[in-house]
Structures are given as structure tokens and as C-alpha cells.
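I have placed the structure first, in the form of C-alpha cells, so that the comments after it can refer back to it.
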Amino acid sequence: MENESQHTSAMPRDFTFQLLKQITNDFSEDNRIGVGGYGLVYKGTLDSGEVIAVKKLYYKHPGLDSDKQFQNECTNLMRVRHQNIVRNMMPKIGDFGLSRLFDSTETCSTKGIIGTPGYMPPEYINRFHITPKFDVFSLGVTIIKIMAGHQGYSKLADMSSQEFIQLVHEKWEKALQTTVLSHTSHGVKKCIEIALRCVEADRVKRPTIAEVVDELSKIDTAIIDELNEIDTARSSPIEQVTNLRSNQAFNPCVNSGMFSKGGGKDGKMISSCSSQAIRASSDSVLLSVDIKCQILPSASVKIFSYDNLRLATRKFRANTLLGEGGFGRVYKGWIDENTLSPCKPGTGIIVAVKRLSQESLQGHQEWLAAEVNYLGHLSHPNLVKLFGYCLEDEHQLLVYEFIPRGSLDNHLYRRGPCQPLSWNLRMKVALGAAKALAYLHCAETNIIFRDFGSSHILLDRDYTAKLAGFGLAVNGPVGEESHLTTRVVGTHGYAAPEYIATGHLTQKCDIYCFGVLLLEMLSGLRVLDPNRPAGEQHLVDCARPYLEHKHKIRCVIDANLGGIYSFSAAQKIAALALECVCLDPKKRPTMDAAVSVLEGVQEDEEPEAAEHQESGKKVTASASRKNGKSRWNIFGGGRS
Ligand SMILES: Nc1ncnc2c1ncn2[C@@H]1O[C@H](COP(=O)(O)OP(=O)(O)OP(=O)(O)O)[C@@H](O)[C@H]1O
């Protein structure tokens, strides 16, 4: 580490948009030097001759507060000064948008998953804990990738640490050939050893950043000393050392093709993902990276005026409020079906009007376009119907059919006046939701919903499930492609582990979510609940061992059912749930197979829920309620 004063460059200054436009040649293609998840980066030359990089943010990203991230990036960069953060030809860190400043012992929690797949440690994925050890984990992944290459990194999962170190070391020796020195050789091994300690699952076992820096510096010094001792005409020692530490192009594992099987690097996967995204499904659903904010014309989607929606909802009066989601509030309104003009309560048809909150309107564009472009073109009894939308000045609203019983999560977690759902109704809802997903996954539509869960399932008067919330949906992979590679978005607790770890998105990710939903239906427990005791907060993790043993299944059954359920049906649902949340995506069933299982369960069971059979004896509701109470003690006794 160098003295702080050495790194004190001029404070960031304010630039006018006009000036940035001018120095980047009107953000021309020729000046473009990169593309990131949040914007494009351009080269600009100041009057002084200094060359700077200008990041032009796209628009706000749904689920992320871009204003906050922008402020974060500025604030944190201003407060943190180091040579490897802003200047010089050394590797440097940028992108402080998601960063947080906090004490080294502090732990904090987040709600949504944000980050780059593969770089996030298990405690964040499972319990959304953030500590300084988060960055240590990410650093470890980075070092391993530098040493072993991107493909090489994936080999780590298949071998022991010792085998991995040996393998990478051999490749380095082979590639360096005559230039290999004893300290270099030792340094390679040591470097991977350090990195492997950084990616320990248990964050307590990871070293601190200071320890990592200290150990890496020792390797550096030893190699430089050794290189300086011999007279090498090929290149300067510093150059070699710099390559060894930071230049992936120098990576023998990559260059030798050792780990090249299975295709390209991140960049290739992302570009193939974008190019494949432009295509038509049978319903002419078009969605591409370039046009993803555009709303496509559709005869079935009406355009409403803001004034009419305002009047239809009685000026968004509080007593018409149906609920609130991440993007805004939903109001009840009345319109004339033919003229779409507002009408008096009790006349015309009832609609649900979602008014997107105005704090981050720009960020809603992509979300809104996906919602309209998918829902406006699809039609299925288990999908909510979209009547239309309104885009006027700062107003963004969506108009849906009114689904009287609201969302499933309210029923499962008893919010508001909702009654607990009976076993039979749970099975009906599960089948309806499964049919909706099966429809999206079929060859003609080929859509990945990506944000499946109980808050996106609405219940009609007769408890028909209606899937809603297509804002994060995407077209599935086509042709030879096995998956899409995307930034990880979704809801904690539902996202499939391989999606979180790699960003690889397939329909099997939706099937994992469906398995999580089945667990919610069986248990009546929230997917993630920080109020539950440690070790029991993550529903999938704590339910899995019980589902694996037939005789333990009753331990996870919702006590609110009062014991009124069919045990044989519960066994089948538990087996299906377990299959859906299998860690190996290939072993998960298709949605068609899940629909067949659920149909079978409905056919087998009596229309009225059979009473819970235990050891051949019928258990009465009150007795089983007592059992239910004690059963929940297995999960710490707490319901939330
Ligand atoms: N079409 C509808 N008919 C009746 N009630 C609805 C309808 N759509 C939404 N609601 C009610 O409004 C609440 C909020 O809905 P919204 O879709 O905004 O929430 P969400 O699905 O939790 O959030 P998000 O889409 O932001 O993830 C729901 O829980 C539901 O009770």
C-alpha cells in the first residue's frame, strides 16, 4: 500500500452535459470504449489534453434505485482514494454504484439480489448478509479467474483444492517453459492457495483484505528479486510480474486452450444473448436489447387517457386502493367496456389500475414495456388480462382485469381479511399456476417468466390462479443455445442457485421457483424470513431434509390446514417440490410433467379434502392442530 497523499488527485468536478457531449464527439460510436450493465462508456479529451472516460447511464433499472447508486458511486469514490481506484496503468477498480461504506465488523442485509453472478458469496445469496468478507470472496474469484481463466474457474467445482492447484500450476509451468523460476513457480501455487481461502463458504475462514494484500505483496517481492538477479533480455521483470498478476491475455490456461471447452467468455455469451433476443414467437412477441423499452402495437391493448383513469378510480381515492407492489399502487376502478370511459361504481366493469410510482419513472420503462408486450399478446385462462395502459407526461399506468381475491401471498400469510386456503383450494391454485407456466414454456411461446412467486399469482372469485407481473419476463434461448446469460434479477429465496451463481437463465429457473411455491403452499411459510431463527430462515434449505423422508413430510405441513389434507397427496406434492428445487437443473421436471402430477393428485383425491390419516387412524382437526403446533417446533415454533 502506498501513502495516501500520493493518491490524492484533484477532487471530482462538475461537468456540464454540453461539455461532456462536446469532448466525446456527441457520444459518437468512435469514442465508445465499453458497454456496462448500466450504461455506455465513452472516451473524452479535455482541453488540458487529459483523456477521461465518461459513463452515460441508460435509464433506471427496475428494482434498483439508480439515483442512489449514482450518488453512491460519486460519494464513495470521493471518500476513497487509492492508486488502484482511479489512476495509473495498474489494475483499477471502478463501478462504485452498488458499493457501501461500513465498519469492518458490521453486517447488513439487503432485500433484492443485486450483483454479478459468480462473484457473490453464499451468505449473501442465502441470507443477504453483506460484510467486508463479501469483497474478499469476489476478490478470490477474480484471482482464480486470472490464474486459471474463465473456463478453468468452472473446473474448481469438480476437483479438490489440491488437485486444482496442481492442475493450474502444471499449466503455468508448461506455458512459461524456460522462464519459469522457482519463486514464480512457488508464487503461482501460493496465489491460488490465497484465492481459495478467499472463496471459503464460511466467511469467518476467509482472510481479511489486509492479509490478502500482505501475502500477495510477499509473492511479488520474491519474484521481482529473483527476476532482477538474472539478466533477461526478453522483457522487463516488472512487465512479467504485471502480466502474471493481472493480464488475462497472458494466462496460459486460457491461451493453451486447456479450459476452452464449452464456448466463449462472458462477452460472447452476452452478445449471443442479445442477438438471439430479436425474434418472433407465434404471437409476434418481439423483445430485443435495443427495442426493449418500446411498446409494440397490439389490437387487444387499449390506450387510456390519464383523466379517464383518474375518474375511474375516483381520483385514486384511498378507499379504492387494492394494494401496493414494488412499482406502485394498485387501485380499483370502473369503466365502460365499450367506450373505456369512466363510470359510476357498480356500473360497467371493474378494473385494477396500477399507477407506477413517480419517483423513478424512467426505471419503469423497460418493466412496463415487457408487461405490455407480453401480457398484451398472450391469452390463457391462467394469465391475468391486460386491458391497456396510459403513458402521458409523467403518468404511467396499467389497466388489468380485476381479480377479486387479490394475490396468493395474502392468503397464505393471512394478510388483511383473507382466510387460510383449504388443501383442495391450494391444489387448485397450484394446478392453475402450473398451467400458466407450462403455457409460457411451450415451444411456441418459449418465455422465461423469471419472477414467479406467490405475490404474482392472483386469485379469481372461484380461486382460479391468474399469473401477473411480466416485467422481468424474457424470451427463452433458441436453436443451439442452452441458456441466456443475464444480470441476476428476481426475488430472494426464489431464484435458482445456478442462476445466482452464473447468471445462466433457462426455463429450469422458473421450475425451481415453482418448487419454492409448492413449498410455500405446503408449509404456509414465507420463502425467506429473517425473523425465523438462524438456520431456518430459508424455506428451501430448512424444508429439504424433511421432504426427503416420507414419514417426516407432515413436519412441514401448514398447521393452518388443521390437519385436513390428504397425506398421500401431500407426499406426491412434496416429491414434486423436491424434484423442482433439485440443485441440478437437468434433474428438474418440465412444467408439463408438473401439470400431469398435479392433475393426477386432483383426480385421485375426493372433491372434499380427505382427513389426514396417521397410522391408519383418522386425526381430528383439533387433535392435528395440536400436532401442528408441536410440528412447527421442528422449525423453531415460529410462524410469521
Ligand atoms: N388485477 C388485480 N386485481 C385485483 N387486485 C390486484 C390486481 N393486481 C394487483 N392487485 C393487488 O395489488 C397488490 C399489489 O400488486 P402488485 O402487482 O403491484 O404487487 P407485487 O406483485 O407484489 O409487486 P411487483 O409486481 O412490484 O413485484 C397485490 O398484492 C394485489 O392484492
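So the values come out like this:
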{"quantity": "Residues Cys198, Cys442, sorted so that the one with the fewest Cβ neighbours within 10 Å comes first", "calculated": "Cys442, Cys198"}
{"quantity": "Which listed pairs, of Lys550/Lys572; Lys21/Lys56; Lys428/Lys587; Lys155/Lys189; Lys145/Lys586, have C-alpha distances above 21 Å, in listed order", "calculated": "Lys428/Lys587; Lys145/Lys586"}
{"quantity": "Spatial separation of Cα centroids for segment 411-448 and segment 531-607, in angstrom", "calculated": "14"}
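Where a number appears in this text, it was derived from the coordinates with a stated rule and is not lab data. Only a predicted model underlies this, so the values are computations on that prediction, with no experimental measurement involved. For neighbour counting, all protein chains shown are included, and Cβ atoms are generated from backbone atoms with ideal geometry for every residue, glycine included.
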